[in-house]
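To start, the structure itself, in structure tokens.
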Amino acid sequence: MFPLAWQKSSYSEEASSCVYVAAAPRGAIHLRESDAPNAVLTTTPDRLRPLISALKAGSLDRALVH
């Protein structure tokens, strides 16, 4: 097993839960959240790209209820 070089998302705030990403040598992308660092989601760039696009577009935002 090789060590992963985890990078914190630039969208994560300092004192909040942070999302980390690491790229494996064979192309897999690994994601984890700071509150559960041992729970790692593994995907490919082709599968991750549409999710990131939807997040940036705001299509997955939750409606705020007042």
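Things to note:
- Accessible surface, the chain, averaged per residue in Å² (probe 1.4 Å): 85 Å²
- Rolling a 1.4 Å probe over the protein heavy atoms of the chain, with every protein chain left in place, gives an accessible area that is 56 percent carbon and sulfur.
- Modelled this way, with points 7 Å down the Cα-to-C-beta line, the labels at V40 and K8 are 2.0 nm from one another.
- Projecting the Cα atoms of V40, S12, P25 onto the charge dipole of the chain, computed from C-beta unit charges around the Cα centre, puts P25 farthest toward the positive end.
- Helix axis angle, 45-57 relative to the chain longest principal axis, alpha carbon, degrees: 20 degrees
- Label of the coordinate-derived value, mean projected area of the Cα convex hull in nm², listed as (1) 5.5; (2) 3.9; (3) 5.9: (3)
- Segment S17-K56, length gained on full extension (0.36 nm per residue, minus Cα span): 12.2 nm
The values are calculated or read from the model by the stated rules, or taken from the named source; none is laboratory data. The structure displayed is predicted, hence computed values, not measured ones. Please note: Cβ atoms are built from the backbone with ideal geometry, for glycine as well, and neighbour counts cover all protein chains shown. For accessibility, only protein heavy atoms count, side chains too; no ligands or nucleic acids. Shrake-Rupley method; radii C 1.70, N 1.55, O 1.52, S 1.80 Å.
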